[in-house]
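Novice: Got a structure for you, written out below as structure tokens; questions coming shortly.
The values are calculated or read from the model by the stated rules, or taken from the named source; none is laboratory data. Everything numeric here is computed off the predicted structure, so don't read it as measured data. All Cβ positions, even for glycine, are placed from backbone atoms using ideal geometry, and neighbour counts span all protein chains on display. Accessible surface is based on the protein model in full, side chains and every heavy atom, while ligands, DNA and RNA are left aside. Shrake-Rupley method; radii C 1.70, N 1.55, O 1.52, S 1.80 Å.
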Amino acid sequence: RLDGKFVELLQTVLCSPKCPEQIRLLCAAILREMSPCNDLILSCDGIQDTKLLSLVSSVLLAQGNKKAEVSAVGQRIVKILERRLPEGQSAQYLLPVLSNVISLSPESLTEEQTNVVSKKMADWLRYASIQQGVAQPSRGFFSSSRTRQPGPVTEVDGAIATDFFTVLSVGQYYTQDQWLNVQAFSMLRNWLLCYGDKGLNTPNSDDKSEVDRSVTSMVSTTSTSSRLLSPKEHLREKAFEYCQRLIEQSNRRPLKKEDGDLQKACLIEAVTIMDIICKQDSSYVYRAVSFLKTVHSRICGDAAYARALLPIAQFFLNHSKMAAVDSDAIYKHLLTDIPAELFHSPSLAFEFVQFCKDNSQLFAETSSIFRQSFPNLFKFLAWNSPPLISEFVDLLPFLLDAGTAIEIFHLLLDLPCLTAALDIQLRSSALPTSKRAACDPAVKPATCLEAFRHPLYKNMFQYLLRTESTPEDAPERLIPLRQLLGSLASSPRVVQCADTVPVLLELFFRVVAEFADGPLINQLVVLLLQRSDQLYEIPGFRDDVYRVLGSQLAMLCWLRPALIVEQSTEILEFSGTVSNIQNKEAIFTHMVWAIGEYMSVSYDKRCTVEQISRFFETLEVVLFEITQLRPLASTPSYAPRAISVLMATLTKLAACSQDLIPRTSMFLSKMRTFVQSPAVTAVYREEDLEQLLIRATELMNLLKMPSVAQFVFTPPVNVATTRFQREVNDSLHFALRIVTRLLEPTPGFVPG
């Protein structure tokens, strides 16, 4: 915060023509840092000096997006550009400010004003001098009075330029119009997006008219030369020619490395601008298609140009249908080769995934290659997990369908394993050729690097690092590889990747639930139970995955209750294994809960008494195993939640088949002995045992009224999904307490 008088002095010095330029620059910088400032008296009105206007405008635009001030700056700049500038003044100080104006408030310029600037930009782009600028004469004592004549600008490879000047033209010094050429190109994309298509029928607004114009353009792609072009059309024409020349210049071998980097950046920008021009005027499409196909053929084999392949693919996604060309080869190369070779480039990974996300709908509609390439796309996520997770949350739904769901499910569970495999692949490729000799198949590999080339593991690595979907392959082959990669489980990159898996798994099931049919849901449930044994050993990873799989298992059973009967063999095998209570408590508990909830004729008419008895006997054995009394030293501890759910499920099954009620009641009555045993109280918390005893008592009391128990646990089909039944389920705990009080009234308790 500065004194008001000082702020006033800063503005006075800024606008003083006698003050040194460095001091004025400093005053403008201080005023910008103070923004927004309420004490400003600056105005761009009446300023003729382009340098001063640039400085004052920079302060005014820094005050925030104040439409009036932004508009005033834009109006003043265009007014100065309209007329011939006096000697010593240059528009090069105004173009950066104008670019800022259109970014903040494109509507601040009228159509007449945009036409003025469009005409100027076309001239700056196309008619800059091809002679180098003159060096500023030195004022030293020994300076020569002779001035060296400027030579022509050159190309990046040193050849003398024979065509018009562009940003890739090289010179020792540059003229004012050459600087304007560079600045005009730097703001060209934004200008075209803001003002290029006003008054035109774009492809999205009138498809029929575009097709007609496209057909006409096939007959004569130079038809525009036979009529007078409007300023916007004239700018598009010159911009298109400029981009063509830039792309041709990008094919030259640069003498300096920095020129090579500039070539690549200009190629990307040029293709992007050509895409915009073709969107605004489809008569350019046919001129661009063959040109860009040639460019793609030239650069597709050079990894240094990988980023440039993205705007080329974007162009063909937007226009290949109109041009009636097959672009699958372009998409296939992009989605197959680039992720496999350059997954480790963070900037490319972000741009690539962003490109896929932005075009996921287009890809889904135009090419099947996109979904087939999902194993390749996930390499970006496996290697760059934290920065890309939000992009993949948006992208995953477009990769999922009935054909890819199962394979993506396996891939998500193996994502940390993929990270480890990519690490080994990179390290292996960095080894000198002498150390890449084939391994002896008879000798077991000692390290992961040796295993990468070992015949025993080679196929496993190839499957994990595949570039396309292979639904017929069996993921079980990766079991030995997961064990082999155990040494990398604590790698920071692997651990970071593992943290993203639960998030994507939840999204996976949420999306699959929208389109999955019965067979797919059944298959997912079976795979879920099987894969719970086949996870990469990372600290904390299993628990996080089990938590998600457990909750999603309950959701799948809710979507398709019939799967309890249809997949009874696999479900009985899983729920009958006592070790699953300790190792996979989250999945086990939800599986047992689903059995009690959906093993009923209310949900499936095929649910017979025999089947209910099979499930009852299996779970009864499990509950007996975990609640039988043992010597103090050997009493294991199990999750109280699992014990509670087992008791509730047995009660529900008994309510469905009342012959089982005596066995259930007898079992529940023994829970008091269990919770009071010294061996049990030594390993369980007192409050947990108290809650188990309360729940056992409540369930036992409910079974004393079989008709009530049957209605509560197994409602009729027409009631099972009503609001009433949902409310009964929501308040079941309260209902159990009421029944207990009715059967065991306490002193002073009056029913009703």
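Novice: Kindly indicate whether Arg76 is among the basic types (Lys, Arg) and assigned to a helix (DSSP H, G or I).
Specialist: Against the criterion (among the basic types (Lys, Arg) and assigned to a helix (DSSP H, G or I)), Arg76 qualifies.
Novice: Okay, moving on. Regarding segment 20-29, can at least one residue be identified that is among the β-branched types (Val, Ile, Thr) and either surrounded by fewer than 19 Cβ atoms within 10 Å (Cβ to Cβ) or in contact with a strand residue (DSSP E or B) (Cβ under 7 Å, 6 or more places away or on another chain) (or both)?
Specialist: Yes, some residue in segment 20-29 is among the β-branched types (Val, Ile, Thr) and either surrounded by fewer than 19 Cβ atoms within 10 Å (Cβ to Cβ) or in contact with a strand residue (DSSP E or B) (Cβ under 7 Å, 6 or more places away or on another chain) (or both).
Novice: Can you tell me how many residues in segment 30-51 are part of a helix (DSSP H, G or I) and either touching a residue at least 40 places away in the same chain (Cβ under 8 Å) or open to solvent by 60 Å² or more (accessible area, probe 1.4 Å) (or both)?
Specialist: Residues in segment 30-51 being part of a helix (DSSP H, G or I) and either touching a residue at least 40 places away in the same chain (Cβ under 8 Å) or open to solvent by 60 Å² or more (accessible area, probe 1.4 Å) (or both): 4 in total.
Novice: Here is a follow-up. Between a first residue in segment 83-98 that is within 11 Å of Lys120 (Cβ to Cβ) and a second residue that is in a loop (DSSP other than H, G, I, E, B), which pairs have beta carbons less than 8 Å apart while being 6 or more apart in sequence or on different chains?
Specialist: Ala91/Leu85; Leu95/Met187; Leu98/Met187
Novice: Of all residues in segment 654-698, count the ones that are over 51 Å from the mean Cα position of the chain (by Cα), open to solvent by 50 Å² or more (accessible area, probe 1.4 Å) and aliphatic (A, V, I, L, M).
Specialist: Total satisfying the criteria: 1.
Novice: With segment 369-450 as the region, which helices (runs of 4 or more DSSP H) entirely inside it contain at least 2 residues that are within 25 Å of Gln483 (Cβ to Cβ)?
Specialist: 374-383, 405-413, 415-430
Novice: State which residue is modelled with the lowest pLDDT when the search covers only segment 616-663 and only residues that are aromatic (Phe, Trp, Tyr) and either closer than 20 Å to Thr673 by Cβ or in contact with a Gly (Cβ under 9 Å, 6 or more places away or on another chain) (or both).
Specialist: The residue in question is Tyr638.
Novice: Here is a follow-up. Could you list, in sequence order, the residues of segment 625-648 that are in a helix (DSSP H, G or I) and under 42 Å from the mean Cα position of the chain (by Cα)?
Specialist: Across segment 625-648, the qualifying residues are Pro640, Arg641, Ala642, Ile643, Ser644, Val645, Leu646.
Novice: OK, next. Can you list residue pairs whose Cβ atoms sit under 7 Å apart, with the first residue in segment 541-554 being within 10 Å of Leu505 (Cα to Cα) and open to solvent by less than 10 Å² (accessible area, probe 1.4 Å) and the second being in a helix (DSSP H, G or I) and β-branched (Val, Ile, Thr)? Count only pairs 6 or more apart in sequence or on different chains.
Specialist: Pairs found: Val545/Val501; Leu549/Ile587.
Yes/no matrix, rows are residues, columns are (1) closer than 29 Å to Pro519 by Cβ; (2) under 14 Å from the mean Cα position of the chain (by Cα):
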{"residue": "Ser367", "(1), (2)": "yes, no"}
{"residue": "Phe374", "(1), (2)": "yes, yes"}
{"residue": "Gly403", "(1), (2)": "yes, no"}
{"residue": "Ile406", "(1), (2)": "yes, no"}
{"residue": "Phe409", "(1), (2)": "yes, no"}
{"residue": "Leu413", "(1), (2)": "yes, no"}
{"residue": "Leu431", "(1), (2)": "no, no"}
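Novice: Moving on to the next point. Any idea which residue in segment 606-619 is farthest from Glu570 (Cα to Cα), counting only those that are more than 47 Å from the chain's Cα centre (by Cα) and in a helix (DSSP H, G or I)?
Specialist: Val609
Novice: Shifting gears a bit: What are the residues in segment 579-599 that are surrounded by fewer than 23 Cβ atoms within 10 Å (Cβ to Cβ) and aromatic (Phe, Trp, Tyr), if any?
Specialist: Trp593, Tyr598
Novice: For a quick check of your reading: which helices (runs of 4 or more DSSP H) sit entirely within segment 496-586 and have at least 1 residues that are more than 24 Å from Ile479 (Cα to Cα)?
Specialist: Answer list for segment 496-586: 518-531, 541-559, 563-566, 568-575.
Novice: Hey, another quick one. Looking at segment 327-344, is at least one residue open to solvent by 10 Å² or more (accessible area, probe 1.4 Å) and within 26 Å of Asp517 (Cβ to Cβ)?
Specialist: no
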